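These notes are about the structure you will find just below.
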Amino acid sequence: MRNPFFDLPADKSELHSNPCLHRYEGNPVLTKHDVPYPASYVFNAGVNFYHGRFVIAPRVDLFNENLDRPALKMGTGMGWSDDGIHWEMEPELMRVHYKGKLLPWVVDSRLTVLEDGLYLSFCFENQHSERPGIAKWRGTGVDFDVVCLGIPQQRNMVLFPEKVNGMYMRLERPSNQYGDPFHIWYAVSPDLEFWGRQELFLGCEDVPWANKKIGAGAPPVKTDRGWLLIFHAVDADPARAVDVPARKGWDRRYACGAALFDKDDPTKLIAITKKPLIVAEAPYETGCKGLFVENTIFPEGALLDPRDPESLMIYYGAGDANTCLATIKLQDLFNSLTPAKRMAQYAIVPFRVEEWDGE
Ligand code: BMA
């Protein structure tokens, strides 16, 4: 019997974006030309609505002219907007303070509004590899203070916008020494500092078009039907390999999907999009020209439009180069969900599948 949790098959089919999805006509909404500091790419932005304005936290990568690796610098910018489209960027990159020092290379940031505070969840590079964390805004400028850090080999940390059953909740995405696939996990905390009760949240095997990894995209959105998670899911197929500035032989496809979790118990998956919501298709999302990678949609912001709460705004990085916006009516999104149960109830299935009883 094939172990259903390993060697997930590549999806050979051509994927398309959800027909009900509407890309903003003026995409991209933020590029390297819109920031007041040197940048090669401005993408993967956390976005939220805080104290009556939209706030954005894009990843900012700077390379030399030939785009040779490693990057000269990476960090996170910060800006504000009245319409979610035109941004007034702060003059400097964010500063994330930790024990009297600044965290280096803070990237892939998400923004959560929690108990009237603005929180950043992020990943930073350090001498012991990639490490995630959560920090709170000081309320002015670009300064954030670390609230907690996770151990290395994790990214895509995302904080829920409210306590659930008396506990704070976060999502995390560890990678592991046995190789992919990588999955989304959760942890809970009484105080945002001490985290525990970690368990599986969503497995890569639960996403029909993913065979490499999945990761939380935006902080989950509370709706009447449950907690809505916008996530990214990655499949690889050597037949798709192309040479892009980021890498020779890039054969991955990052697409955006959605899953719904029980309103009272968000550890319980109740529905998922069996097909992606957003796939790289628009000219500014695909083709190597001006992009760092191909076929890459990386959502980090999702919020109900404060002017039209029936509409979900999704902010995503396109090709690791620019920041884009798409919207979808909540009802259309709900109609695209299929009832689902997580394949592994707990992450305790043995490697040797003959010992698994299927539950
Ligand atoms: C992931 C992260 C993202 C990036 C994606 C595609 O591992 O590094 O920031 O958008 O790869 O390159």
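The values are calculated or read from the model by the stated rules, or taken from the named source; none is laboratory data. Model, not experiment: these values are computed from the prediction. Reconstructed Cβ throughout: ideal geometry from the backbone, glycine too, with neighbour counts over all protein chains shown. Surface areas here come from the heavy atoms of the whole protein model, side chains and all, with no ligands, DNA or RNA. Shrake-Rupley method; radii C 1.70, N 1.55, O 1.52, S 1.80 Å.
Would you be able to tell me the number of residues in segment 233-276 that are among the basic types (Lys, Arg), under 22 Å from Lys289 (Cβ atoms) and either in a strand (DSSP E or B) or in contact with a Ser or Thr (Cβ under 6 Å, 6 or more places away or on another chain) (or both)? Adding up the residues that qualify gives 4.
In segment 341-359, the residues that are open to solvent by 100 Å² or more (accessible area, probe 1.4 Å) form Cβ pairs under 7 Å with partners that are outside any loop (DSSP other than H, G, I, E, B) and modelled with pLDDT of 80 or more, at six or more places apart or across chains, as follows: Lys341/Leu269; Tyr346/Glu199; Tyr346/Leu200. Restricting Ser109, Ser121, Ser129 to those that are surrounded by fewer than 16 Cβ atoms within 10 Å (Cβ to Cβ), closer than 22 Å to His232 by Cα and within 15 Å of the ligand (Cβ to nearest atom) reduces the list to Ser129. Screening the candidates Ile278, Ile184 for the property of being free of Cβ contacts under 8 Å to residues at least 60 places away in the same chain and among the hydrophobic types (A, V, I, L, M, F, W, C) yields one hit, Ile184.
Go through Arg23, Arg53, Arg95, Arg69 for me and flag whichever is in contact with a Cys (Cβ under 9 Å, 6 or more places away or on another chain) and basic (Lys, Arg). Within the list Arg23, Arg53, Arg95, Arg69, the selection yields Arg23. The one condition from (1) open to solvent by less than 20 Å² (accessible area, probe 1.4 Å); (2) of a type in the set (A, V, I, L, M, F, W, C); (3) closer than 28 Å to Leu337 by Cα that Val60 does not meet is (3).
For segment 65-75, the count of residues that are crowded, with 18+ Cβ neighbours inside 10 Å, away from the ligand (no atom under 16 Å from the Cβ), in contact (Cβ under 8 Å) with a residue 40 or more places away in the chain and in a strand (DSSP E or B) is zero. Take segment 274-300 and flag every residue that is within 16 Å of the ligand (Cβ to nearest atom), within 17 Å of Ser17 (Cβ to Cβ), of a type outside the set (Ser, Thr, Tyr) and at pLDDT 95 or above. Those that are within 16 Å of the ligand (Cβ to nearest atom), within 17 Å of Ser17 (Cβ to Cβ), of a type outside the set (Ser, Thr, Tyr) and at pLDDT 95 or above: Pro276, Ile278, Val279, Ala280, Ile297, Phe298, Pro299.
Scanning segment 96-128 for residues that are acidic (Asp, Glu), under 20 Å from the mean Cα position of the chain (by Cα) and at pLDDT 95 or above gives a single hit, Asp108. Applying the set (1) of a type outside the set (Asp, Glu); (2) part of a strand (DSSP E or B); (3) without any contact (Cβ under 8 Å) to a residue 60 or more places away in the chain to Met169 leaves exactly one unmet item: (3).
Going residue by residue through segment 43-53, is there one that turns out to be within 14 Å of the ligand (Cβ to nearest atom), closer than 21 Å to Val158 by Cβ, open to solvent by 20 Å² or more (accessible area, probe 1.4 Å) and in a strand (DSSP E or B)?
No, segment 43-53 has no match at all.
Looking across segment 132-158 at every residue that is open to solvent by 40 Å² or more (accessible area, probe 1.4 Å) and part of a loop (DSSP other than H, G, I, E, B), the one that is nearest to the ligand (Cβ to nearest atom) is identified as Gln153. Of everything in segment 18-42 that is open to solvent by less than 50 Å² (accessible area, probe 1.4 Å) and either within 16 Å of the ligand (Cβ to nearest atom) or hydroxyl-bearing (Ser, Thr, Tyr) (or both), the residue that is nearest to the chain's Cα centre (by Cα) is Val42.
Name the strands (runs of 3 or more DSSP E) wholly inside segment 291-340 in which the number of residues that are touching a Leu at 6+ places or on another chain (Cβ under 9 Å) and crowded, with 23+ Cβ neighbours inside 10 Å is 1 or more.
Those strands (runs of 3 or more DSSP E) span 297-305, 308-318, 322-329.
Beta carbons closer than 6 Å, at least 6 apart along the sequence or on distinct chains, never pair a first residue in segment 25-45 that is closer than 12 Å to Met78 by Cα and among the charged types (D, E, K, R) with a second that is modelled with pLDDT of 95 or more and within 16 Å of the ligand (Cβ to nearest atom). If the condition is being under 19 Å from Phe124 (Cβ atoms) and of a type in the set (A, V, I, L, M), then segment 57-84 contributes Ala57, Val60, Leu62, Ala71, Leu72, Met74, Met78. Contact annotation: residue pairs with Cβ atoms under 9 Å, 6 or more positions apart or on different chains, pairing a residue in segment 320-332 that is more than 20 Å from His86 (Cβ to Cβ) and within 16 Å of the ligand (Cβ to nearest atom) with a partner that is of a type in the set (Val, Ile, Thr) and in a loop (DSSP other than H, G, I, E, B), are Asp320/Val293.
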